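Each reported figure results from applying straightforward, stated rules to the coordinates on display, with no laboratory input. This one's a predicted model, so the numbers in the text were calculated from it and none came from an experiment. A quick note on method: Cβ atoms are made from the backbone with ideal geometry, for glycine too, and the neighbour counts reach across all protein chains shown.
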Amino acid sequence: MAQAIRFHKTGGPEVLQLENVDVPAPGPGEARVRNTAIGVNFIDTYQRSGLYSLQLPSGLGTEAAGVVEALGPGVDWLAVGDRVAVCTGPVGAYSTERIVPADKLVKLPDGIEDRTAAAMMLKGLTVQYLFRQTYPLKAGETILFHAAAGGVGLIACQWARALGATMIGTVSSDAKAQLAREYGCTHTIIYTRENFVERVKELTGGKGVPVVYDSIGKDTFPGSLDCLSPRGLFVSFGSASGPVPPFSLLTLSQKGSLYVTRPTLFTYASNRAALNAMAGELFALVKAGKIKPDARQTFALKDAGEAHRSLEARKTTGATLLLP
């Protein structure tokens, strides 16, 4: 029988339970996938805690790689035995096997291992839409990226370097600063002892940056706005420290006619054509050696709660995987 992590009430990591589950035959447009590696992401902690609401009881997780075990009617772009990855839902990836809408699956090419895919799909496609669509990053530009040594951050370091951009990254420790630089971050700011606004102004000769990518939320706002040059863009794509508090739109005019956006991967990859195009660009960079995803922590599926504790305590770097 298949197993899955489920929770019946919101709360801390202790609410996560490993349960036996029945997996039905796939219906029209569906596939049954046996997971081989599962990605752990901050959005999972938001859903578990209740910050993002799910109908309970619920499974958890959206990112995984595995093998197609069966196909429902109408799915002609996949075959049983294909290696696939998913990162845009529905929730339930913390499982040994499950049913997935086939149009959410991306076929993995030769040269992309299952663990590599599970370590990079959600994080890598997040960087793709941030750097290539939300604010099309150009060579020679300087950006600020918070949490540069995290799962998304380490891919961002490499992608920025591949694009010829200068990345300023915030981190919490000397070890994480060294790691971010090794992955391509040009300048690191240790926010636990440095004022990141002052350092950004120093590094840019007082000009600020045209774009700030912020997944931290409450703790880095409004400092992130203060790092922007006039008409700059604040991209809020996460809230690890809590949501950005309400603020007056007049603040944006007072700080230089700024722009603010709150994008999500699920909007950018809302159809199969867009998802495949984004994944194709990511896979090409990985196969060319320009991006090397790194699963730096692994936990057994049954230890999902412990994985969440490590993630929320900022003890992790890079990607974290659950292994069925």
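About its Cα centre, what dipole magnitude does the chain give when the only charges are +1 on Lys and Arg Cβ and -1 on Asp and Glu Cβ, stated in debye to the nearest 20? The partial results should precede the final answer.
Details: 33 positive and 28 negative charges, 135 e Å.
I would put it at about 640 debye.
Here the Gaussian network model covers the chain, with springs between Cα atoms less than 10 Å apart; of Thr36, Thr261, Thr188, Thr261 fluctuates the most.
Computed packing ranks the peptides 60-68, 279-287 as 60-68, 279-287, most packed first, by mean other Cβ atoms within 10 Å. For the range 8-76, the convex hull spanned by the alpha carbon atoms encloses 117 Å³ per residue. Ranked from largest, the principal axis spans of the Cα set of the range 207-278 equal 41, 25, 19 Å. In terms of distances greater than 23 angstrom between alpha carbons, the cross-link table entries Lys287/Lys315; Lys123/Lys207; Lys207/Lys255; Lys138/Lys207; Lys218/Lys292; Lys201/Lys255 yield Lys287/Lys315; Lys123/Lys207; Lys218/Lys292. Kirkwood analysis of the range 86-199, using all unique Cα-Cα pairs, places the hydrodynamic radius at 15.5 Å. Net length available on complete extension from Leu323 to Tyr52 is 95.1 nm, with 0.36 nm assigned per residue and the Cα-Cα distance removed.
Roughly how big is the range 86-169's charge dipole about its Cα centre, with Cβ charges of +1 (Lys, Arg) and -1 (Asp, Glu), in debye to the nearest 20?
Values: 8 positive and 6 negative charges, 37 e Å.
Approximately 180 debye in magnitude.
As a size descriptor, the averaged projected area of the C-alpha convex hull of the chain was calculated at 15.8 nm².
Among Gly208, Gly256, Gly169, the largest mean-square fluctuation in a Gaussian network model of the chain, built with springs joining Cα atoms closer than 10 Å, belongs to Gly256. Distance from the C-alpha centroid of the range 184-234 to that of the range 14-64: 35 Å, rounded to the whole angstrom.
Give the value in nm², to one decimal: projected area of the alpha carbon convex hull of the range 139-262, averaged over all directions.
6.9
Annotation: amide H-H contacts under 5 Å for Gly169 (H modelled 1.01 Å from N, sequence separation of 5 or more, or interchain): Phe145, His187, Thr188, Ile189. For Val260, nonlocal amide neighbours, meaning residues 5 or more places apart or on other chains whose placed amide H falls under 5 Å from its own, are Phe234.
In this simple spin-label model, placing a label point 7 Å from the Cα along the Cα-to-Cβ direction at both Phe247 and Lys290 gives a separation of 3.2 nm. Beta bridges assigned by DSSP with both partners in the chain are antiparallel in approximately 55 percent of cases.
Shown in residue order for the range 17-23 are the 3J(HN,Hα) couplings computed by the Karplus curve 6.51 cos²θ - 1.76 cosθ + 1.60 at θ = phi - 60°: 10, 8, 10, 6, 9, 8, 10 Hz (x for Gly and Pro). Summary of packing: across the peptides 116-125, 262-271, 218-227, 236-245, the per-residue average of other C-beta atoms within 10 Å ranks them, highest first, as 116-125, 218-227, 236-245, 262-271.
Taking the chain as a Gaussian network, Cα atoms linked when under 10 Å apart, which of Lys107, Lys292, Lys255 shows the biggest mean-square fluctuation? Judging by the Gaussian network model, the answer is Lys255.
Cβ distances below 4.7 Å define possible disulfide partners, and in the chain the cysteines left without one are Cys87, Cys227.
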